[in-house]
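In what follows, a single structure is set out as structure tokens and then discussed.
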Amino acid sequence: MGISGVLAKFFGKDTESEASKTVAKERLRLVLVHDRMDISEQTMDSLREDLIAVIGRYMEIDKDALEVSLTREDEGVALVANIPVLNLKRQPIDKSVIPED
Amino acid sequence: MGKVIVVTSGKGGVGKTTTTANIGTALAMMGQKVVMVDTDIGLRNLDVVLGLENRIVYDIVDAVRGNCRLKQALIKDKRLENMFLLPAAQTKDKTAVTSDQMVELCDKLKDEFDFVIIDCPAGIEHGFKNAIAGAEEAIVVTTPEVSAVRDADRIIGLLEAAEIRAPKLIINRIRVNMVKTGDMMSVEDILDILAVELLGIVPDDDAIVISTNRGEPTVLDSNSRPGEAFRNIARRICGEAVPLMSLDEKRGFFGKIKSLFAGD
């Protein structure tokens, strides 16, 4: 902060810095995302099973090679899944796209 | 058959012991038969907050080890005849009581009392695990600070893992002026982050320091603002629907003037 900032602060007109509670909330949000990464093996297993079930409805996947993990990133946490596809199921043909003679 | 409620926070110094003492006293003032259990072995303090430190003969370790009968270790309050304290041991090790012993102790106490309020030590180790072992419900105390809210979040996770569902939150030491200027997180901000049920809010007030100095829980003082907050909390614990107290500055100011004239 420059001289004017110091003066502004001195005169109680500190408009430069945002309200400190906004900073507190944002810091808390980030810290809790990281803290809450500590989820149980059990929860990760059931997430994995649910993913297999849902994706399995659309394509054949390699269940044993499937990898799911939480990864720390600068701005939070990402759920990263690597799911090898073995085969795609033939989609039922949408009748509306069949050209009429 | 009584209820066993543990008062916990993770972080130290947020007001667990003060909360325990005031909720216990307020419940006793409502006619409930109450026992408060200090599980902070080696660092006992609930006795001094309640002003009962001179009456201790036996403690929780004596009671669970059978050095005395449970009844002998219970200290009867000097003001309220239906209020008791089971003090922690001061000279023994943290590991002097096991979780199984705590469960057994709580079972015995809830046969005799309407409310068993357990004051939990700070931290998440042995003492915490013991304190929650025999509890059915939990009150989590926090203050509007990043560190306290973070620890509250961790504790809520640990309570749920221990199958103590739906812990209730008390936000302690709220400073209305700072909330208004945006320099303190508000009740809504904290509830947003923690997503738990709110049991009550307690304003930051000099009355707490004074009551702790004297060993007189602030709920005994009818002019005390935090006293009113804790009395409201006790009524909610008994199932009454009590609206949150207004933290408006004017009321606080006049309240202080009023208590000045009342000679407090």
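A short reminder: the numbers here are calculations on the coordinates, not readings from a lab. Every value quoted in this text rests on a predicted model; they were computed, and no experiment measured them. Every residue, glycine as well, gets a Cβ built from its backbone with ideal geometry; the counts of neighbours run over all protein chains shown.
Each peptide among B:98-107, A:71-80 gets the average number of other Cβ atoms lying within 10 Å of its residues, and from highest to lowest they stand as B:98-107, A:71-80. Taken one residue at a time, the phi angles of region B:31-42 give Karplus couplings (6.51, -1.76, 1.60, θ = phi - 60°) of x, 7, 8, 10, 10, 9, 10, 8, 9, 8, 5, x Hz. Gly and Pro are set to x.
Beta carbons within 10 angstrom, averaged per residue: use that to sort the peptides B:18-26, B:113-121, B:198-206, A:25-33, highest first. Provide the component values of the computation, followed by the final result.
Numbers: B:18-26: 28.2, B:113-121: 25.6, B:198-206: 20.3, A:25-33: 15.4.
Highest mean packing first, the order is B:18-26, B:113-121, B:198-206, A:25-33.
Per residue of the protein assembly as shown, what 222 nm ellipticity follows from adding -39500 (n - 2.57) for every DSSP H run with n ≥ 4, rounded to the nearest 500?
Values: 15 runs with 155 residues, N = 365.
Mean residue ellipticity, 222 nm, calculated: -12500 deg cm²/dmol.
Mean partner shielding of peptide B:151-161, defined as the number of other chain Cβ atoms within 10 Å of each residue Cβ, is 1. Proximity of backbone amide H atoms, modeled 1.01 Å from N, is registered between B:Val6 and B:Ile118, B:Glu136, B:Glu137, B:Ala138, B:Ile139 at under 5 Å, excluding neighbours fewer than 5 places apart on the same chain. For region B:100-244, the square roots a ≥ b ≥ c of the C-alpha gyration tensor eigenvalues yield an a/c of 1.5 or more together with a/b not exceeding b/c, which makes the shape oblate. Look at the stretch B:180-186: the mean tally of other chain Cβ atoms within 10 Å of its residues' Cβ atoms is 4.
Neighbour counts of other C-beta atoms within 10 Å: give me B:Ser9, A:Ser69 arranged from fewest to most. Present the calculation step by step, with values, prior to reporting the outcome.
Working: B:Ser9 26, A:Ser69 11.
Going from least to most buried by this count: A:Ser69, B:Ser9.
Database remark: amide H of B:Leu198 closer than 5 angstrom to the amide H of B:Leu169 (H placed geometrically; neighbours at sequence offset of 5 or more, or on other chains; Pro and chain starts carry no H).
Nearest 10 degrees, 0 to 90: what angle lies between the long axis of helix B:16-29 and the longest principal axis of chain B (Cα atoms)? The answer is roughly 90 degrees. Between amide H atoms placed 1.01 Å from N, distances below 5 Å from A:Ile61 occur with A:Leu86, all of them 5 or more places distant or on a separate chain. DSSP assigns beta bridges within the protein assembly as shown; of those with both partners inside it, close to 30 percent run antiparallel.
Computed from phi, the 3J(HN,Hα) profile of region B:96-102 under the Karplus parametrisation 6.51, -1.76, 1.60 (θ = phi - 60°) reads 5, 10, 9, 4, 4, 5, 5 Hz, with x in place of Gly and Pro. Summing charges over neighbours of B:Leu70, with a neighbour being any other residue whose Cβ is under 14 Å away from its Cβ, gives 0 when K and R count +1 and D and E count -1.
Look at the stretch A:23-36: the mean tally of other chain Cβ atoms within 10 Å of its residues' Cβ atoms is 4.
Pairs exceeding 27 Å between alpha-carbon atoms, taken from A:Lys63/A:Lys95; B:Lys76/B:Lys110; B:Lys92/B:Lys129; B:Lys16/B:Lys78; B:Lys11/B:Lys168: A:Lys63/A:Lys95.
Annotation for region B:87-156 versus region B:1-74: alpha-carbon center distance of 10 Å.
Relative contact order, whole percent, for chain B stands at 24, derived from Cα pairs under 8 Å and 6 or more residues apart.
When each of A:Val23, B:Val6 is scored by the number of other beta-carbon atoms lying within 10 Å, the sequence from fewest to most is A:Val23, B:Val6.
So if we plug the beta-carbon distance of A:Leu70 and B:Val146 into 1/(1 + (r/R0)^6) with R0 = 25 Å, what FRET efficiency do we get, rounded to 0.05? Mind dumping the intermediate values first?
Numbers: r = 22 Å, r/R0 = 0.89.
So, using R0 = 25 Å, E works out to roughly 0.65.
Along region B:147-164 the Karplus relation, 6.51 cos²θ - 1.76 cosθ + 1.60 evaluated at θ = phi - 60°, assigns HN-Hα couplings of 5, 5, 5, 4, 5, 4, 4, 5, 5, 4, x, 5, 5, 5, 5, 8, 6, 9 Hz to successive residues, with x for each Gly and Pro.
Where does the longest stretch of chain B lie that holds no trypsin sites (Lys or Arg not before Pro) found in a DSSP loop with 11 or fewer other Cβ atoms within 10 Å? Spell out each step's value before the answer.
On the way: sites that count: B:Arg69, B:Arg165.
Counting only loop sites that pass the neighbour cut-off, the longest clear stretch is B:166-264.
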